[in-house]
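The values are calculated or read from the model by the stated rules, or taken from the named source; none is laboratory data. Note that the coordinates shown come from a computational prediction; the quantities given were computed from them, not determined experimentally. Cβ sites come from the backbone with ideal geometry, for glycine too, and all protein chains shown count toward neighbours. For the accessible areas, the whole protein counts, side chains as well, though only heavy atoms, and no ligand, DNA or RNA atoms are used. Shrake-Rupley method; radii C 1.70, N 1.55, O 1.52, S 1.80 Å.
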Amino acid sequence: MKTRIVVLAILSISTLFCKAQISDGIKPYIAIVKTNDSKIKGLFFKIDSQTVLLYSDEKYHEIKTSEIKSIKLRVTKASYELQSYVFKYVGKKDPNEYKYTNQQGKPVDKWGREEPTPEEELAGAVGGAIFGTAMEGVANIIAGSLHNINPSIANYKFSKGFDYGQLEALNYYSVYYQQNPNTLAELNKIKALSAGFKP
């Protein structure tokens, strides 16, 4: 029975790794590292027992683990692109909108409103364009601000020095580990878990 569980676990892990390699499952994370005297933000590239390697401003920053007070991890986001919220609902005028006539013989809509003259239509279009543009700007400012909110997905605080017990958990977020996963260690973990499993 244990052999079946181990074989099943090995097959499922190898399937996951194959899928990750096929889909290029590397997901970069942003790390905010606070040290005794600075705060560095960058792409979380690598971590080991001595250093943390971040990439920002087109260069690598190496931080000693002995100086680290905390590490916050965030998901990378694409930059916000302007959207059209108001004008995408403004369409062309329906040609059958003013298909009725009133007692004076002027075209009206189904509620009895007269068709505007070209001058009135132009004034309304200019006013609508100015108001619509202002509303588009406000909507994009609000949506852009909401898009920029990027909460931390993991926080690691080290008040009594760097905790090497959390090194492995932190390592999963690094780009280097995602490119070079330690399959043997993962298989040993599953084997240890399955050894303790009793049906």
Within the range 155-179, the count of residues that are aliphatic (A, V, I, L, M) and at pLDDT 85 or above comes to 2
Flagged in the range 11-48 as at pLDDT 60 or above and open to solvent by 70 Å² or more (accessible area, probe 1.4 Å), in numbering order, are Lys27, Lys34, Asn36, Asp37, Lys39, Lys41
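Yes or no, residue by residue, for (1) within 15 Å of Pro28 (Cβ to Cβ); (2) over 26 Å from the mean Cα position of the chain (by Cα):
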position: Lys46; (1), (2): yes, no
position: Thr51; (1), (2): no, yes
position: Leu54; (1), (2): yes, no
position: Asp57; (1), (2): no, no
position: Tyr60; (1), (2): yes, no
position: Ser70; (1), (2): no, no
position: Leu73; (1), (2): yes, no
position: Ala78; (1), (2): yes, no
Reported set for the range 153-162 where residues are more than 14 Å from Val33 (Cβ to Cβ) and over 24 Å from the mean Cα position of the chain (by Cα) is Ser159, Lys160, Gly161
Asn150: passes all of (1) within 20 Å of the chain's Cα centre (by Cα); (2) over 22 Å from Ser56 (Cα atoms) but (2)
The number of residues in the range 174-189 that are part of a helix (DSSP H, G or I) and either closer than 21 Å to Ile30 by Cβ or in contact (Cβ under 8 Å) with a residue 40 or more places away in the chain (or both) is 8
Condition set without any contact (Cβ under 8 Å) to a residue 24 or more places away in the chain and assigned to a loop (DSSP other than H, G, I, E, B), scope the range 49-64, selection surrounded by the fewest Cβ atoms within 10 Å (Cβ to Cβ): answer is Glu58
Restricted to the range 130-173 and to residues being among the aliphatic types (A, V, I, L, M) and not in a helix (DSSP H, G or I), the residue least open to solvent (accessible area, probe 1.4 Å) is Ala154
